[in-house]
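Asks: Handing you a structure now.
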Amino acid sequence: MQKLNVNLRKQRYLIFYENNLLKTDFIVDFCKKLASNFVIITHTNLEFLAKPLLDQFNGKKINIKYLSFPKGEINKTKKTKNDLENQMLNDNFTKDTLIIALGGGIVSDIAGFIASTYMRGIPYIIIPTTLLAMVDASIGGKTAVNTEHGKNLIGTIYHPKAVFIDFDVLKTLSKDEMKNGYIEMLKHALILKKDYFEKLLFSNEITPKQIIDSIKIKKQVIEKDEDEKYYRKILNFGHTISHALEAALDYKISHGQALVYGILIESHLSYKMNFLSYEEFQNIFDFFKFKKLLNNIPNISKDKIIAFIKRDKKNIFGKNRFTLLKSIGKSIINVEIIENHIVKSLLVILGGNIC
């Protein structure tokens with residue numbers, strides 16, 4: 001079994017990775033050391049992935065409950081969290097319970113948030129089933145729900161006891177879902193590793209090694225600043241705009257689709273703020289075109305986007321704070337940008353889609 005150590009100031013945990021991991025007893029045997037009762041939280045469409053685990057727990061006569069909720073950011077809400085918690089309470093799950101988050105980032109956000117507050121905190125593990133969750137949501141302990149005021153505004157930082165990555169589940173994903181994860185890998189390259197950016201450019205497929213390399217980038221960042229006081233903020237590149245786009249469009253586009261435009265718009269802002277050269281901005285834009293990552297998005301109100309940016313959780317003293325690029329592979333945090341500059345970059349990148 002291959003593994004990575006995540007060494008934080010407050011705790012340590014392991015990321016295990018292997019092919020066909022879900023078909024072994026390894027996860028069940030690991031969980032048995034942490035609790036006596038177990039709850040799998042997943043999406044309703046992922047029962048086929050949960051079944052092998054359920055069968056293993058049931059075969060060992062271990063108390064386990066299966067809970068699910070519909071997929072989509074629209075369901076990452078306080079109501080969903082409340083409903084799942086009530087089901088656990090109704091079945092008398094107590095402090096001696098471990099939650100198994102099986103799914104993408106929405107599942108790990110909800111399940112991790114429940115774990116952080118249920119009976120003042122119970123353990124959980126994450127089994128990411130999307131590329132995006134493997135390289136992003138499963139690492140770093142961020143949990144949250146969305147509200148009508150914006151994305152991920154209510155939540156905690158609460159780390160799992162372990163992460164289990166089964167590369168075999170990637171075979172179940174659509175091309176669009178793989179693109180969502182690939183874009184997050186690209187973001188990691190842009191903020192910290194120019195050579196990794198070049199490797200992604202010339203690669204025709206996503207390999208397990210590339211995935212682990214991306215995980216190592218995020219691991220390196222959170223190990224230095226797990227509470228996002230300073231350095232971890234570099235991971236927010238592209239996300240101020242992308243979260244505003246998602247919320248303004250009522251989550252009708254995926255996080256990956258929004259992040260494409262978040263990266264491009266914030267790269268353009270980096271250029272306009274005299275951090276990033278025009279040549280490197282163009283290189284990034286050409287990369288997206290070459291990899292066919294530019295998808296059409298619905299028409300969107302610039303006023304809505306600005307309104308959501310004003311409520312972004314990264315703001316300080318009522319002022320927006322962006323993470324921008326100084327160059328490909330280098331970033332800068334806490335940059336304040338006036339509204340007029342933001343609107344101009346929205347218009348440059350989104351053009352006729354802005355109204």
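Asks: Within the set 78/187; 79/326; 79/194, which residue pairs have Cα atoms separated by over 32 Å?
Replies: Result: 79/326; 79/194 exceed 32 Å.
Asks: Also, I was wondering about something else. Starting from the residue with the highest accessible area, list 134, 178 in decreasing order, probe 1.4 Å.
Replies: 178, 134
Asks: Counting only protein chains, not ligands or nucleic acids, how are 151, 330 ordered by accessible area (probe 1.4 Å), most first?
Replies: 330, 151
Asks: Would you work out what percent of the accessible area of the stretch 110-262, with all protein chains in place, is carbon or sulfur (probe 1.4 Å)?
Replies: 52 percent
Asks: If packing is taken as the average number of other Cβ atoms within 10 Å across a peptide's residues, how do 12-18, 348-354 rank, most packed first?
Replies: Details: 12-18: 17.7, 348-354: 14.4.
Final packing ranking: 12-18, 348-354.
Asks: Determine ³J(HN,Hα), in whole Hz, for all residues of the stretch 296-311 in sequence, where each value follows from phi through the Karplus function 6.51 cos²θ - 1.76 cosθ + 1.60 and θ = phi - 60°; x replaces Gly and Pro.
Replies: Karplus-based 3J(HN,Hα) across the stretch 296-311 equals 5, 10, x, 4, 9, 7, 5, 5, 5, 4, 4, 4, 6, 4, 5, 9 Hz.
Asks: What shape does the stretch 245-355 have by the C-alpha gyration tensor, where a ≥ b ≥ c are the square roots of the eigenvalues, rounded means a/c under 1.5, and otherwise prolate means a/b greater than b/c and oblate the rest?
Replies: Oblate shape, in that a/c is at least 1.5 and b/c is the bigger or equal ratio.
Asks: For the stretch 72-89, in order, what is each residue's ³J(HN,Hα) by Karplus, 6.51 cos²θ - 1.76 cosθ + 1.60 with θ = phi - 60°, in whole Hz (x at glycine and Pro)?
Replies: Result, ordered by residue: x, 4, 4, 9, 8, 10, 4, 5, 4, 4, 4, 4, 5, 4, 5, 5, 5, 5 Hz.
Asks: Please report the projected area of the stretch 66-202's Cα convex hull averaged over all directions, in nm².
Replies: Computing the convex hull of the Cα atoms and averaging its projections yields 9.3 nm².
Asks: Leaving out ligands and nucleic acids, note down the accessible area per residue over the chain with a 1.4 angstrom probe, in whole Å². Mind showing how you got there, number by number?
Replies: Numbers: 15530 Å² over 355 residues.
Normalised by residue count, the accessible surface of the chain is 44 Å².
Asks: Select from the stretch 256-355 those chymotrypsin sites (Phe, Trp or Tyr not before Pro) which occupy a DSSP coil region and have at most 16 other Cβ atoms within 10 Å, ordered by residue number.
Replies: Answer in residue order: 317.
Asks: Order 245-257, 36-48 from most to least packed using the mean count of other Cβ atoms within 10 Å.
Replies: 245-257, 36-48
Asks: Quick one: check the C-alpha center-to-center distance for the stretch 266-303 versus the stretch 209-261, whole angstrom.
Replies: When both Cα centres are located, 16 Å separates them.
Asks: Something else about it: Taking amide H positions as placed 1.01 Å from N in the peptide plane, with prolines and chain starts having none, which residues 5 or more places from residue 331, or on another chain, fall under 5 Å of its amide H?
Replies: Those qualifying (amide H under 5 Å, at least 5 residues apart or on another chain) are 326.
Asks: Also, quick follow-up: Give me, ordered by chain and number, the residues 5 or more places off residue 65 or on other chains with an amide H under 5 Å from its own placed amide H.
Replies: 38, 39, 40
The values are calculated or read from the model by the stated rules, or taken from the named source; none is laboratory data. From a predicted model like this one, the values you see are computed outputs, not experimental measurements. Here Cβ is always computed from backbone atoms with ideal geometry, including for glycine, and neighbour counts include all displayed protein chains. What goes into the accessible areas is simple: the full protein's heavy atoms, side chains included, and nothing from ligands, DNA or RNA. Shrake-Rupley method; radii C 1.70, N 1.55, O 1.52, S 1.80 Å.
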